[in-house]
Amino acid sequence: MRERFVSRQSHRWWVAVFLVGWFLSPAPMLAQPVGSGPLALNDAVQLALKNYPAIQESRARSAAAQEGIAVARTAYLPRLDVLWQQNRATRNNIFGLLLPQGIVPPISGPVLGTQSSDSVWGSAGGALLSWDAIDFGYRKANVDLAHAQYAQATAQNELTQLDVTAAAADAFLTVLAADAAVRAARANVDRLQVFADTVGTLVRNQLRPGADASRADAELAIAKNQLSLAVLAAEIARATLANAIGTPEGTVDVAMGRLTDLPEVPTAGATDVKFHPAARAQSAVVDTVRARERALGRSTYPHVIFQSAFADRGSGAQVSGQPSLGNGLWPQLSNWAAGISVTFPLLDVFTVEPRKRLEVQNELAASARYEQTLQNLTTQDARARALMKAASEIAQNTPAERRAATDAESRARARYESGLANITEVAEAQRLLAQAEADDAVARLGVWRALLAAAQVRGNLTPFLEKTR
């Protein structure tokens with residue numbers, strides 16, 4: 001029970017460091033390809049920027065939103081429709097009115113007073129120019145809405161890049177920590193193998209009871225199991241890193257670089273989280289909703305439309321006493337027209353008002369989400385600063401922990417070999433040494449991970465990446 005208690009106590013700090021770092025990290029430029037050599041942290045980040053599908057998607061959405069601005073501006077252009085028509089039809093006509101529809105074809109000309117199934121040729125050609133000259137700001141409101149949507153897509157793209165690069169950097173540090181744990185576990189196995197051989201020799205010479213050999217073999221088996229678990233964790237960490245950099249089919253080999261050194265920890269106060277990409281993205285959502293409200297408000301205003309038309313028509317139909325105009329295969333008579341139309345959608349107010357009320361509620365929801373985002377970022381900033389302080393203190397303490405554990409293990413082994421200590425004392429000292437070596441191996445990486453968490457909360461990984469070069 002005492003051994004388990006000591007082991008759990010020594011596990012607490014570095015488990016806390018890496019778990020907190022994990023929660024501060026998000027869910028998941030050219031560089032050398034995977035497999036061509038060890039990857040540095042900057043290479044992994046640049047590969048993630050180049051290959052990760054989520055970044056490609058966010059870039060495409062941002063580009064599409066930018067094109068949406070050009071689409072909205074096309075509403076300022078005039079519309080020109082050109083028509084040519086050739087037909088053969090009967091010429092029976094009747095007085096009366098038809099409501100607007102697209103089923104019964106219209107027919108022009110006098111009522112002949114007779115009915116016939118004979119058909120004649122008809123032709124028509126023309127052009128109609130329409131321009132929405134005055135709309136009282138409706139098109140501008142739609143262009144502003146397109147700009148707001150582009151700003152939202154751009155901010156979301158920046159947030160996606162931050163999340164993906166932070167996830168790649170965190171996965172890289174996780175691989176280094178897993179490799180350090182493997183080295184510590186392998187060193188523990190080698191040390192216990194030597195000790196088990198020594199105990200076996202003493203037991204065979206009847207200098208120690210057989211139970212000591214069983215205990216030494218059990219400790220060695222446990223250490224080998226821990227090594228297997230450490231190797232498994234390292235393999236999983238590498239698979240996670242390969243996925244984070246967008247090359248899940250590759251095998252990743254990493255280079256420690258400057259990450260073996262203990263970095264300088266800046267003393268910084270609270271961060272202004274309003275400039276974080278997550279805050280800017282949510283603020284852009286609020287602006288987009290407001291832009292939709294303004295566009296809806298302008299949709300019920302009148303439109304002044306300028307129209308100009310030119311048309312040619314021909315018909316093979318003849319009226320008694322009138323000269324023939326030809327066979328109708330080609331137009332014979334021309335007309336032109338120019339004028340201004342004013343349209344006012346009187347009843348649209350009954351459909352627009354409910355939509356405006358809907359957008360008001362959407363704005364309230366988006367504003368609340370923005371405030372929640374600021375609150376979450378403020379909390380993450382406080383956690384990152386606490387993590388930085390704890391990781392720095394631990395990294396300064398682990399060398400002394402390792403030296404003391406090494407000294408305690410060597411003394412316990414010497415006492416055992418001299419017959420002054422039992423196997424339990426040596427096993428406890430060896431476990432303390434194994435844990436101290438693992439703690440010291442990951443302590444510096446814990447500080448780097450804390451720096452990464454702080455940089456992510458500030459919304460800019462460039463200072464962190466510069467430290468690792």
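The values are calculated or read from the model by the stated rules, or taken from the named source; none is laboratory data. Everything quoted here is computed from the prediction, not taken from an experiment. Neighbour counts run over all protein chains shown; Cβ positions are idealised from the backbone, glycine included.
The residue that is modelled with the highest pLDDT, counting only those in the stretch 410-437 that are farther than 18 Å from Thr201 by Cβ and among the hydroxyl-bearing types (Ser, Thr, Tyr), is Ser410. Looking at Glu3, is it among the acidic types (Asp, Glu), at pLDDT below 85 and in a helix (DSSP H, G or I)? Here the answer is yes, as Glu3 does meet what is asked. Annotation note: of Glu428, Glu437, the sole residue that is within 17 Å of Leu220 (Cβ to Cβ) and buried (at least 22 other Cβ atoms within 10 Å of the Cβ) is Glu437.
Of all the residues in the stretch 200-227, those that are out of contact with any helix residue (DSSP H, G or I) (no Cβ under 7 Å at 6 or more places or on another chain) and charged (D, E, K, R) number 1. Taking the criterion of being farther than 30 Å from Ala151 by Cα, among the small types (Gly, Ala, Ser) and surrounded by 12 or more Cβ atoms within 10 Å (Cβ to Cβ), the only residue of the stretch 63-113 that qualifies is Ala89.
Table: residues versus (1) of a type outside the set (A, V, I, L, M); (2) modelled with pLDDT under 90.
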residue	(1), (2)
Gly68	yes, no
Leu80	no, no
Gln86	yes, no
Asn93	yes, yes
Pro100	yes, yes
Val104	no, yes
Ser116	yes, yes
Ser119	yes, yes
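Do we find that Ala211 is in contact with a Phe, Trp or Tyr (Cβ under 8 Å, 6 or more places away or on another chain) and farther than 30 Å from Ala453 by Cα in this structure? In short, no. Being within 30 Å of Ser123 (Cα to Cα) and loosely packed, with under 12 Cβ neighbours inside 10 Å is a property that holds for Ser334. Does Val304 satisfy the criteria of being part of a helix (DSSP H, G or I) and surrounded by fewer than 21 Cβ atoms within 10 Å (Cβ to Cβ)? Judged against the criteria, Val304 is not a match. Taking the stretch 119-171 as the range and being charged (D, E, K, R) and not in a strand (DSSP E or B) as the test, the residues that pass are Asp135, Arg139, Lys140, Asp144, Glu158, Asp163, Asp170. Listed by first and then second residue, the pairs with beta-carbon distance under 6 Å, at least 6 apart or on different chains, first residue in the stretch 371-398 and within 27 Å of Leu433 (Cβ to Cβ), second among the aromatic types (Phe, Trp, Tyr) and buried (at least 17 other Cβ atoms within 10 Å of the Cβ), are Ile394/Trp13.
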